[in-house]
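Remarks on the structure that follows.
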Amino acid sequence: MATSSFAAGAYASTQGLGAGNLLRKPLSSTGAQSGSTDFSALIGKALEATADAGRKADMQSASVATGRADVVDVVTAVAESEAAIETLVAVRDRVIAAYEEIMRMPV
């Protein structure tokens, strides 16, 4: 059974995956005005966060294979990666649904 400190650490590590965290990070210099958010920049950051989570899970898996990491760290990294991918897929599905709705609108 997981300890309370492990659960707190897992919760803290997943806080970086939410869309609210993407809004708090400064936008790259893509010409976005101060105070406004650029949708493409947010999507780009979400893609990069998902890729980073996947790379971290891969590194943890390699570390546990060589005996330099704990299995709990691998499970946590894989769960973070899975949550990031599920979030990205949900956003993709919503964007596609919005596009289809716009295409059904009469002109």
Filter the stretch 39-52 for residues that are open to solvent by 40 Å² or more (accessible area, probe 1.4 Å) and at pLDDT below 90; the one that is nearest to Glu80 (Cα to Cα) is Ile43
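Matching residues to (1) at pLDDT 95 or above; (2) in a helix (DSSP H, G or I); (3) of a type in the set (D, E, K, R):
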{"residue": "Ser63", "(1), (2), (3)": "no, yes, no"}
{"residue": "Arg68", "(1), (2), (3)": "no, no, yes"}
{"residue": "Val75", "(1), (2), (3)": "no, yes, no"}
{"residue": "Val78", "(1), (2), (3)": "no, yes, no"}
{"residue": "Leu88", "(1), (2), (3)": "no, yes, no"}
{"residue": "Asp93", "(1), (2), (3)": "yes, yes, yes"}
{"residue": "Ile96", "(1), (2), (3)": "yes, yes, no"}
{"residue": "Glu100", "(1), (2), (3)": "yes, yes, yes"}
{"residue": "Pro106", "(1), (2), (3)": "no, no, no"}
Those residues of the stretch 56-107 which are touching a Gly at 6+ places or on another chain (Cβ under 9 Å) and in contact (Cβ under 8 Å) with a residue 40 or more places away in the chain amount to Thr76, Glu80, Ala84, Thr87
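The values are calculated or read from the model by the stated rules, or taken from the named source; none is laboratory data. From a predicted model like this one, the values you see are computed outputs, not experimental measurements. Note that we place each Cβ from the backbone using ideal geometry, even for glycine, and neighbour counts take in every protein chain shown. These accessible areas exclude ligands, DNA and RNA; they are computed on the full protein's heavy atoms, side chains included. Shrake-Rupley method; radii C 1.70, N 1.55, O 1.52, S 1.80 Å.
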